[in-house]
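The values are calculated or read from the model by the stated rules, or taken from the named source; none is laboratory data. What you are looking at is a predicted structure, and each value in this text was computed from that prediction instead of being measured. Counting neighbours? That spans all protein chains shown, and the Cβs are built from the backbone with ideal geometry, glycine included.
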Amino acid sequence: MALDRITLSTFRNHADTRLDGTAHFNLLVGENGAGKTNVLEALSLFAPGRGLRRAALGEMAGQAGEGSFAASAQLDPGDGSSPVRIGTGTMPERLGRRIVQINGAESSALELGEWLAVGWLTPTMDRIFNDSASARRRYLDRLTVALDPGHARHASRYEAALRERNRLLSDPADPDQTWLDSIEAQLAEAGALLTMGRAALVNRLSSELAHLSPQPFALPRLTYQPGGPASQAELAAELARHRRRDRAAQRTLTGPHRDELDVVLDGKEVPAAQCSTGEQKAMLIAITLAHAGLAAGGRPSLLLLDEVAAHLDPIRRAALFERLREGGAQVWLTGTESAPFDDIAKEAAVWRVSGGAVERL
C-alpha cells in the first residue's frame, strides 16, 4: 500500500472525510458532483505543484470553514521502515500559503516528491493533443517531476529568470548590461537543466512504450522539440546574440519555454491532433501506463484515474485493469456506477461518495 488513513478537512465539499483500509485498487462511486474528483484532487496535492485541477488555494477550501483546508495520510515507504504521516493545506492566518508537513515537521512540496510519486489522468486531459504548446509543456514537466522532484525547482528558477529578462527587455530605458548578463546566466543554467529533464523523460517514456503491446491501446510515438540550444553555454550565447531582436519583440524568443512535444500515432503516422477522439484517449492511456511503470520504481506511487472506465469498452477496460494489476502503483478510480469495475470488485476497496461524505461498501 502507498497511502492509508486519509483525512480531508474542509476540502471543497468534504467537511470531515476519512478513508481507511485502502488496497491496491481503490474505487470511489457516486453521482456527478458528489465529491469523487475532490478526493483525487486532495491526493494529487501530495505531489509538488497545484494539483490535478491547477486550482488556487482559496478555491479548494470548503465554504463551511475559515477559508482553510487540510489533507493528510499515512504513507508506507515500502522499504520496511515505519509509516510516515504526510499532510498539506492552509491555515486561517496564512491562507495564501500552502503548508506541508512530514511527520509533524514543516517541510516543502518538493520534499513530498521525494517520498511519493503521483500521476493522474482526468477527462480534461483528453484535449492535450489539441491544446496549446504551453499545456503540453506543463504536462511534460508534471510527468518529469513525478520521476525527478528536483525538476520542479529548475522550472521555477527558469520562470523567475524569464520574467525578469522580459521585464528588462520591455523597459523603455536601456537595461543594465551587467544585470542582463546575470539574468541570462541564470536563465541558461536553469534552462539547460529543464531541457535535460524533459528530454530524459521523453526518452524513458519512449523506451517504456516500446515494451507495451499496441493492442488494445494505440501507441503514440513521442518526439521532443527543444525551443533553443540544449547546452547552457550555447543557450547563454543565443540569448546574448538576440537581445536586440528580443527587445523589439519585448519577450524572449529562444529557450525551453518554446519547447514542443510532438505526438504521432505509431503505425498510421498521423499526428495525434488529427486522430479520432478514441485514438487520442487510447494514446493518452498508453502514456499514463508507461509513466506509471517508470514511477513505480524506487518510491511509493499513486495513480489517480478519474472516470477512465466509462469511456472504454469491456475489452479495453479488462486490459487496463490487468496492466494496473501488474503495476506497482496504488490506483484510485472514480465512476458513477460500480458495474464497469466488476473485474476488480473483489480486490478493491470501495467507497460510495454522496454530498461530500464517504461510506465504505
Within the bounds of the stretch 238-250, is there any residue that is buried (at least 18 other Cβ atoms within 10 Å of the Cβ) and either of a type in the set (S, T, N, Q) or not assigned by TED's automatic domain parsing to the domain that holds Arg142 (or both)?
no
Taking the stretch 7-26 as the region of interest, how many residues are closer than 22 Å to Leu320 by Cβ and buried (at least 23 other Cβ atoms within 10 Å of the Cβ)?
1
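Take His242 and decide whether it is of a type outside the set (Gly, Ala, Ser), within 19 Å of Leu294 (Cα to Cα) and free of Cβ contacts under 8 Å to residues at least 60 places away in the same chain.
Working: of a type outside the set (Gly, Ala, Ser): yes; within 19 Å of Leu294 (Cα to Cα): no; free of Cβ contacts under 8 Å to residues at least 60 places away in the same chain: yes.
Taking the combined requirement at face value, the residue does not satisfy it.
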Qualifying position, being surrounded by 21 or more Cβ atoms within 10 Å (Cβ to Cβ), farther than 27 Å from Ser354 by Cβ and not assigned by TED's automatic domain parsing to the domain that holds Ala135, among Pro48, Pro77, Pro83
Pro48
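Take the residues in the stretch 314-335 that are β-branched (Val, Ile, Thr) and farther than 22 Å from Glu114 by Cβ; name whichever of them is surrounded by the most Cβ atoms within 10 Å (Cβ to Cβ).
Thr334
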Gly197 vs. criteria farther than 30 Å from Gly297 by Cα and in contact (Cβ under 8 Å) with a residue 12 or more places away in the chain:
no
Of (1) in contact with a Gly (Cβ under 8 Å, 6 or more places away or on another chain); (2) under 20 Å from Asp259 (Cα atoms), Leu219 satisfies every one except (2)
Matching residues in the stretch 193-233 - criterion: being closer than 14 Å to His291 by Cβ and charged (D, E, K, R)
Arg198, Arg204, Glu208
With the condition kept exactly as written, say whether any residue in the stretch 281-300 is out of contact with any Pro (no Cβ under 9 Å at 6 or more places or on another chain) and more than 27 Å from Leu112 (Cβ to Cβ).
yes
The stretch 18-64 - residue that is in a loop (DSSP other than H, G, I, E, B) and touching a Leu at 6+ places or on another chain (Cβ under 7 Å) and, of those, farthest from Ala349 (Cα to Cα)
Pro48
Got a number for residues in the stretch 254-275 being among the acidic types (Asp, Glu), modelled with pLDDT of 95 or more and either surrounded by 19 or more Cβ atoms within 10 Å (Cβ to Cβ) or more than 24 Å from the chain's Cα centre (by Cα) (or both)?
1
Can you pull out the residues in the stretch 80-131 that are hydroxyl-bearing (Ser, Thr, Tyr), under 20 Å from the mean Cα position of the chain (by Cα) and not in a strand (DSSP E or B)?
Ser108, Thr122, Thr124
Going through the stretch 145-173 in order, the residues found to be crowded, with 16+ Cβ neighbours inside 10 Å and of a type in the set (S, T, N, Q) are Asn166
Residues (over 18 Å from Arg245 (Cβ atoms) and either surrounded by 17 or more Cβ atoms within 10 Å (Cβ to Cβ) or modelled with pLDDT under 95 (or both)) located in the stretch 180-195
Gln186, Glu189, Ala190, Ala192, Leu193, Leu194, Thr195
Residue among Asp141, Asp148, Asp171 that is outside the structural domain of Ala42 (by TED's automatic domain parsing), over 28 Å from Val202 (Cβ atoms) and either of a type outside the set (D, E, K, R) or modelled with pLDDT of 90 or more (or both)
Asp171
Out of everything in the stretch 282-313 that is of a type outside the set (A, V, I, L, M, F, W, C), modelled with pLDDT of 90 or more and assigned to a helix (DSSP H, G or I), what residue ends up being surrounded by the fewest Cβ atoms within 10 Å (Cβ to Cβ)?
Thr288
Identity of the residue in the stretch 165-196, assigned to a helix (DSSP H, G or I) and among the charged types (D, E, K, R), that ends up nearest to Arg142 (Cα to Cα):
Glu189
